[in-house]
Every structure is written in structure tokens, then in C-alpha cells.
Amino acid sequence: MATNQEGVNDVYETVFPRLWRSLCGDFLNFGYFTDECENMTEANEVLVKWIIKKLNITESSRVLEVGCGRGAYAISMAKQTGCSFVGIDILPKFIKEGKALLVEQGVQDRGDVMVGDMTELSKSLGDQKFTHVLLLGCLFYIHDQMDPFYEQLKRHCNPGTWIIAQDFTRTVPVDQIRPVMKHWRTEGETLDTATYISKIFNAGFKLQYYNNDNNDHAIRSVNYVVDGGNKMVEAGVMPKDSFTFPILRDAMEAGRILYNTFIYTE
């Protein structure tokens, strides 16, 4: 069991590094793009505040961010609440940048980020346990490995641990969204929403909150990315044939792909 590192590397280091950095800053997710937001950094700052309040993250909380990229979400939460944290990501480049970011933000005494595969959590985490787990825009790479992933994750949860996942699901037969899977560079088939939720229950978790964000925050965010990417293509900064976000945008606007928020507890 392992994450498709080649696919992850292709998306974040080869194809879209300038795109994500210029549009999202240190964050690597859609965020909550409200009417007041002018860019993706602000949208993600709104998301951080929403999670802190919704999950009651405090100074005594211990947060695990899986697929953390630079660890921007956990680092931001630590700066705002004083919580401790661990971030894990498969790409060494992101972890190097994350270690610099936590020093820059002054939270190096609250936690750390490390290289590791999210399908092999215990190899990196040992026997550590957490009160909160962030799974923000990372699980669609391992939809074919969700059951064993949850079994490992449970080893690092206490009774009552809160988990938030933001992830894509499909509403149509998988053949109709294969162009989107190619955009993501995923190997496993994207799950439909009902199957996705059933895997949460089958793992023994209790679903506390569910929302499909397509018609609000996520559509605004993906349109922001498409607009910004088109400008970079026009400026010659990014090759046109590598910019495939319009495929995802079209699938989301048609309702074939949903971007969901799930909150569940151990």
C-alpha cells in the first residue's frame, strides 16, 4: 500500500508549482471563498478560522495534518490557538518549505512537519495520538486504499478525536469523470458520495457533519484558479496543454464532481 508519489509530484512540483504559489500562497486547498475574499490566501484563512471554531481547537489540542504540503493549516492554527501539531507529506520539497514556514511564523516550539506516506502513517508517527486530524484535499489520491488508511488512522486517534476531510466525490459512473482523474493524476477510481460515506461508517467513525460545497465556496475557488491559470498561460508562464483545471471546473459546474466537507469522530 503506497501513495502514487509520481502523480502527486507531477501535480505539485512539475505542472502547477508557480500556479499554486502565486494563487494560494502557502496553502494548497480551495478554502472558503466568501464574498469578502479577494484571493485564495484569504479564502484559506477563512477556512482555518472556521475549522478552529467548528472543531473547538484550543491550546490543549494536538493536531495532525495529513498530506500537509507546507503545513500551512496546522501552522496557522498553532499560531492562532497555541495548539501543538504534526504535519506529514510525501514531497520532501514541501517539508523543507514547511520547516522554514513554521520558524517564520514562530511556532517551531509547537510542532514539526515531516516526510511520510499517508498510507503508512505509523512508520512516521510511531505511537503518537491526536485530538484533531486534518485531511484537507489529500484523500482523492487514495480512494482505492481508504479502508486500510482508516485502519491506520484509528491507531493515532483517541476516543472523541475530531477528523475533518475535504474531498472530491463523483455523482456519475466513473467513466464519465476519467478526464478529471487524469487531471489529478490519480490511479484509483474516484468514489461516489454514498460509497465514500459508507467507508467512514464501516471504519467505525461517527459522521457529525456533511456539506457539499460545490455551489458556493468550491466553485468560486476553482474559477479563481482557472482565471489565474489562463492569465499565466497567456503570459507564457505555463504551457497551455498542461493547464487542465478547466476540466475540473466544468465537471464541478455540471455536478458530476462534488467537493465535500466531512466531519467525523472516533
Options LYS79, LYS54; residue that is within 30 Å of GLU120 (Cβ to Cβ), of a type in the set (D, E, K, R) and out of contact with any Gly (no Cβ under 9 Å at 6 or more places or on another chain): LYS54
Given the conditions (1) buried (at least 21 other Cβ atoms within 10 Å of the Cβ); (2) assigned to a strand (DSSP E or B), report the number of the one that VAL107 does not fulfil. (2)
Identify the residue in region 157-206 that is basic (Lys, Arg) and touching a strand residue (DSSP E or B) at 6+ places or on another chain (Cβ under 7 Å) and, among all such residues, is least open to solvent (accessible area, probe 1.4 Å). ARG170
List every residue pair whose Cβ atoms lie under 7 Å apart, where the two residues are 6 or more positions apart in sequence or sit on different chains, the first residue falls within region 31-49 and is assigned to a loop (DSSP other than H, G, I, E, B), and the second residue, located anywhere, is of a type in the set (S, T, N, Q) and buried (at least 17 other Cβ atoms within 10 Å of the Cβ). GLY31/ASN44; GLY31/SER221; PHE33/SER221
Name the residues in region 111-134 that are hydroxyl-bearing (Ser, Thr, Tyr) and open to solvent by 10 Å² or more (accessible area, probe 1.4 Å), would you? SER122, SER124, THR131
Pick from region 61-92 the residues that are touching a residue at least 40 places away in the same chain (Cβ under 8 Å) and surrounded by fewer than 22 Cβ atoms within 10 Å (Cβ to Cβ): which of them is farthest from LEU139 (Cα to Cα)? SER61
Being touching a Ser or Thr at 6+ places or on another chain (Cβ under 6 Å), farther than 20 Å from ILE263 by Cβ, buried (at least 17 other Cβ atoms within 10 Å of the Cβ) and β-branched (Val, Ile, Thr) is the requirement here; does ILE95 meet it? no
Scanning region 209-266 for residues that are buried (at least 18 other Cβ atoms within 10 Å of the Cβ) and of a type in the set (Phe, Trp, Tyr), the one farthest from the chain's Cα centre (by Cα) turns out to be PHE243
Single residue of region 153-191 satisfying the filter (within 28 Å of ILE52 (Cα to Cα) and in a helix (DSSP H, G or I)) that is nearest to the chain's Cα centre (by Cα): LEU153
When you check VAL46 against the structure, is it open to solvent by less than 30 Å² (accessible area, probe 1.4 Å) and in contact with an Asp or Glu (Cβ under 9 Å, 6 or more places away or on another chain), yes or no? no
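The values are calculated or read from the model by the stated rules, or taken from the named source; none is laboratory data. Quick caveat, the model's predicted, so the values are computed rather than measured. In this analysis, Cβ positions are derived from the backbone assuming ideal geometry, glycine residues included, and neighbour counts consider all displayed protein chains. Side chains are part of the model used for accessible areas, which takes the heavy atoms of the whole protein and leaves out ligands, DNA and RNA. Shrake-Rupley method; radii C 1.70, N 1.55, O 1.52, S 1.80 Å.
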